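The values are calculated or read from the model by the stated rules, or taken from the named source; none is laboratory data. Remember, predicted model here, so these are calculated numbers, not experimental data. Methodologically, a virtual Cβ is constructed for each residue, glycine included, from the backbone with ideal geometry; neighbour enumeration extends over all protein chains shown.
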Amino acid sequence: MSASARRSLPTILPSLLASGLGVIVGAVFGLGVLSLLKFSTIPLIGGVVGPGDAEPTDTSEVATQRSARPTHARRPSTPPEVLPTLVSRYSWPAEPPAPTRVDRRRFADAMELLCRGRGSSGLIRDVVAPAIVERSVTFGVDPFLVAALVSRRGCRDHGDAGGFTGLAPELYASSIRQGMYRFAAYVDGRFEMQELDVSAYRFDPALLRTPDVHFHFVAAFLSAWEKQHRGLDVAFAQAEHRHYVSHFLWGDAVGSARQENWILIERRRILEYYDSAEPAAPVRFRDLEMSSPLDGAPRLVVSGLGEPRGNGTRSHRGVDFESSAGEPVRAVADGTVVFSGVDLPGTAHRHVDLDVQGEVDLEELGHGGFYVCVEHRSGEDPVKTCYMHLLELSVRQGRVVRRGEEIGQVGSTGSSSMGPHLHFEVHAREGVLPATEVLRGLAIGRSHGSSSGTAAGRPSSTEAVR
């Protein structure tokens, strides 16, 4: 090597290294851009599908598309509990539409009924309901869906940023700049970055406890999830679900549809109370016309007939409906109240007059707690229905009731390990029958399991559970 070449080497090497590094960075950047472009043009083949739609069949293609996602799935710091899915999304009927115009007074009345016995009635009517309607109109969101979120949280502020609805601020904070929320919407089979003006209030966890601020951002984020959810269901592995409200709870990747089902049941309830949706039509059982014991049908049965109880020492003598504390329990058919009182330990039962039920010592109650039984005449063979774990009794023994009449409220009295719910039994000549068969289409979920010593898993006694 000549002397002049040796002298120029120190100046040439940095240039060569810079050029090589530029080629490498350019290649990596190019691959990243191609990946983003590939993701932005994904066709919708794995989103939420409804009855009659085809399920995706090419799983390798779905896996390839999901691997092209540009980001990791956003998740709340405290995700909801992963609960087992008890029924397919195809088991649920189409959800009733919301009215195009909402009367604020009627909406407040309906919310008060929805939240009866929970939270503050004055706060729900005078503050929460008006804020929900106003902010939902601003962002074009269904206010009945927002009300259902409130009901699912017990109709009260939980004292944190989650407030009335379970809002998770950590999902959104990094995407809000100068009053604009930036998100990737799924439009015509591809993702597009969009902005949503949320500048009416500052996004601050401390301020989110104020109802106006809270429902402003809840409505805004729900409107964004509605635009995102089909694309997210392609981009990330999901639990089977049917509504974008699941993403409000779970973030980009839904882990369970149980919470969604409950929210949509609560939405049906408030639509019925608002007189915008008709209650589910009754069904025929033998010569009886029977309806759901709870509003907002179909309702989810979470524990079936014959399932083990007491560490296997006894069998479940009915079915359990997932339900909210204080909601009305209704007679499923015309009949006569043959018992209204309390279950006591062992085989004892005691009639309780409505005027003194508040004096009952709840600690002394047996498995069924407060309960009501109604006898319905069906030809020569009567059918008896029993409603247990009630918070309160609404009818006296001997009263004649009509189908749909309130006979009590959902509670958790007696032995109730799963919190407030309705234990429901149907007794006929042949034994205790699964409500999912008697109330077909109104009660969906678990039917019955095995129960030793009984035919077809059904206890032979017609006595109420104890």
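Being without any contact (Cβ under 8 Å) to a residue 24 or more places away in the chain and on the phi > 0 side of the Ramachandran plot narrows it down to one residue among Asp197, Asp188, Asp204; which is it? When all the criteria are applied, what remains is Asp188. The combined condition, being in a loop (DSSP other than H, G, I, E, B), of a type outside the set (D, E, K, R) and in contact (Cβ under 8 Å) with a residue 24 or more places away in the chain, is not fulfilled by Gly408.
Within segment 177-217, the residues that satisfy the criterion of being in contact with a His (Cβ under 8 Å, 6 or more places away or on another chain) and either among the hydroxyl-bearing types (Ser, Thr, Tyr) or part of a helix (DSSP H, G or I) (or both) are Tyr186, Tyr201, Leu208.
Do the conditions hold for Arg190, that is, is it under 25 Å from Ala147 (Cβ atoms), modelled with pLDDT under 95, surrounded by fewer than 21 Cβ atoms within 10 Å (Cβ to Cβ) and of a type in the set (Lys, Arg)? Taking the combined requirement at face value, the residue does not satisfy it.
The sole residue among Tyr181, Tyr201, Tyr172 that is closer than 20 Å to Gly255 by Cβ, surrounded by 14 or more Cβ atoms within 10 Å (Cβ to Cβ), more than 19 Å from the chain's Cα centre (by Cα) and assigned by TED's automatic domain parsing to the domain that holds Leu249 is Tyr172.
May I ask you to list the residues in segment 210-219 that are aliphatic (A, V, I, L, M) and surrounded by fewer than 23 Cβ atoms within 10 Å (Cβ to Cβ)?
The one that is aliphatic (A, V, I, L, M) and surrounded by fewer than 23 Cβ atoms within 10 Å (Cβ to Cβ): Val213.
Comparison of Ser416, Ser378 shows that the only residue that is within 21 Å of Arg118 (Cα to Cα), at pLDDT below 95 and not basic (Lys, Arg) is Ser416. The single condition among (1) in contact with a helix residue (DSSP H, G or I) (Cβ under 9 Å, 6 or more places away or on another chain); (2) in a helix (DSSP H, G or I) that Gly122 does not meet is (1). Go through segment 152-176 and give me each residue that's assigned to a loop (DSSP other than H, G, I, E, B) and out of contact with any helix residue (DSSP H, G or I) (no Cβ under 7 Å at 6 or more places or on another chain). Those that are assigned to a loop (DSSP other than H, G, I, E, B) and out of contact with any helix residue (DSSP H, G or I) (no Cβ under 7 Å at 6 or more places or on another chain): Arg153, Gly154, Arg156, His158, Gly159, Asp160, Gly162, Ala168.
One residue stands out among those in segment 407-422 that are more than 16 Å from Thr385 (Cα to Cα) and polar (S, T, N, Q): the one that is surrounded by the most Cβ atoms within 10 Å (Cβ to Cβ), which is Thr413. Would you say Asp188 is acidic (Asp, Glu) and closer than 27 Å to Arg267 by Cα? Judged against the criteria, Asp188 is not a match.
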